Amino acid sequence: MNAQMLSLNQLKQFALQREAFIYYIFFFVLCFFAIVLHDTAFLTLSNFMNIVKQTAPLTIMAVGLTFALAVGHIDLSIGSTVALSALVGALLLQHTGIPLAVLGALLVGLTIGLINGLLIERLQVSSLLITLGTMGIITGIARQITNLESVPIINQDFTFLFGSGKVLGMPILLLWTIVIGGCAYIILKKLAAGRHLLAVGGNPTAARAMGIKVTRIRLYALIASSMAAALAGLLYAGRLHGARYTLGEADLLTVIAAVAIGGTSLFGGRACIVGAILGTWLMGIINNGLILSGFSTNEQMIARGVILVIAVAIGVKEIRNG
């Protein structure tokens, strides 16, 4: 019994150290660029606000993906969901009001999450393969419905709510990040639903023995991931004053790296919302720092890839230690 308790305490201590890792690397990267770019606008408040606004859709996607990873699934279709949801919202906005346009976009996310979840659970196939397939289907639909053309948004109320607005001096995109991140944190840390998510991801067999409806929990997690991607699509559309089939297509790698480096296990059973948010901001700071340093887009992609490899290596080490 004592040995078992000792092992449990060691695992808890290791988990806390993993969650604290994002704080250390965030501080290190910030200090590094502050020194290297001391003669630029890197350390200005306006630059940091720009980073927060630019990464807001990524942050929302990362929060949603955290739910999927918590139950042991991965959702590769979130990038294509961003594009399709944004296009549907923009098209509806041309003929209806904001409520129906937003509802339509979110219903796209809900439907995709439901289809992903049902296929994974009914066919008992890896979420990696299912969402890879649906990613291709969704991308094709997004390209087809507008013939590769952009859909402009001229509704100023929409762009205020999902892009350029400010509330009491706070950018609306930062407010969206706080609200969605806060709700997700409460669900995972304070509610029984969060404990069920982590239990399912940690040990599905034990979760079933406890009376937890494993299939239903996994389904809810995938729906949350897709609906978060749909909301990210609306934020992109609002900030860019339009929607295009290319929205979100380059975000998957960044989001996975941000979530993994933020302390969420890629193999289920542990999730960290604060870490996911800091992870996306970290990726934004790295991109911003590389741009100000004169690095190209290709070199930025290499940096994101390196970060993802490091995060996966840490995750594999966790499994071996467990």
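The values are calculated or read from the model by the stated rules, or taken from the named source; none is laboratory data. Computed from a predicted structure; not experimentally measured. Glycine also receives a Cβ, built like all others from the backbone with ideal geometry; neighbour counts cover every protein chain displayed.
Taking the criterion of being touching a Lys or Arg at 6+ places or on another chain (Cβ under 9 Å), in contact (Cβ under 8 Å) with a residue 60 or more places away in the chain and surrounded by 24 or more Cβ atoms within 10 Å (Cβ to Cβ), the residues of segment 238-257 that qualify are Tyr245, Thr254. From the set of residues in segment 100-147 that are more than 20 Å from Thr215 (Cβ to Cβ) and not in a helix (DSSP H, G or I), which is farthest from the chain's Cα centre (by Cα)? Filtering first and then ranking leaves Asn147.
Collect the residues in segment 148-174 that are under 16 Å from Tyr236 (Cβ atoms) and assigned to a helix (DSSP H, G or I), keeping them in residue-number order. Within segment 148-174, Phe158, Thr159, Phe160, Leu161, Phe162, Gly163, Ser164, Ile172, Leu173, Leu174 qualify.
Each row is one residue, and each column tells you yes or no for (1) hydroxyl-bearing (Ser, Thr, Tyr); (2) in contact with a Phe, Trp or Tyr (Cβ under 9 Å, 6 or more places away or on another chain).
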residue: Met61; (1), (2): no, no
residue: Ala70; (1), (2): no, no
residue: Ser77; (1), (2): yes, no
residue: Leu91; (1), (2): no, no
residue: Val102; (1), (2): no, yes
residue: Ser126; (1), (2): yes, no
residue: Leu129; (1), (2): no, no
residue: Gly136; (1), (2): no, no
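Here's the yes/no breakdown for (1) among the β-branched types (Val, Ile, Thr); (2) assigned to a helix (DSSP H, G or I); (3) at pLDDT 95 or above:
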{"site": "Ile180", "(1), (2), (3)": "yes, yes, yes"}
{"site": "Leu188", "(1), (2), (3)": "no, yes, no"}
{"site": "Ile212", "(1), (2), (3)": "yes, no, no"}
{"site": "Ala221", "(1), (2), (3)": "no, yes, yes"}
{"site": "Ala224", "(1), (2), (3)": "no, yes, yes"}
{"site": "Ala229", "(1), (2), (3)": "no, yes, yes"}
{"site": "Ala232", "(1), (2), (3)": "no, yes, yes"}
{"site": "Ala250", "(1), (2), (3)": "no, no, no"}
{"site": "Leu253", "(1), (2), (3)": "no, yes, no"}
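Just so you know, in segment 22-75 the residues that are small (Gly, Ala, Ser) and not in a helix (DSSP H, G or I) include one that is nearest to Val259 (Cα to Cα), and it is Gly72.
When we screen Gly169, Gly201 for residues that are surrounded by fewer than 20 Cβ atoms within 10 Å (Cβ to Cβ) and not acidic (Asp, Glu), the only hit is Gly169.
Residues in segment 103-129 that are modelled with pLDDT under 95, of a type in the set (S, T, N, Q) and surrounded by 13 or more Cβ atoms within 10 Å (Cβ to Cβ): Ser127 alone.
Out of Ala192, Ala232, Ala207, I need the residue that is crowded, with 24+ Cβ neighbours inside 10 Å and either within 20 Å of Ile60 (Cβ to Cβ) or of a type in the set (Gly, Ala, Ser) (or both). Which one? Write out each step before concluding.
Values: Ala192 fails: crowded, with 24+ Cβ neighbours inside 10 Å; Ala207 fails: crowded, with 24+ Cβ neighbours inside 10 Å.
It is Ala232.
Just give me the residues in segment 279-309 being among the β-branched types (Val, Ile, Thr), under 22 Å from the mean Cα position of the chain (by Cα) and farther than 12 Å from Leu253 by Cα, in sequence order. Passing the criteria: Ile285, Ile286, Thr297. Picking from residues in segment 298-322 that are among the polar types (S, T, N, Q) and in contact with a helix residue (DSSP H, G or I) (Cβ under 9 Å, 6 or more places away or on another chain), the one that is modelled with the lowest pLDDT is Asn321. Scanning segment 82-102 for residues that are surrounded by fewer than 21 Cβ atoms within 10 Å (Cβ to Cβ) and without any contact (Cβ under 8 Å) to a residue 60 or more places away in the chain yields a count of 7.
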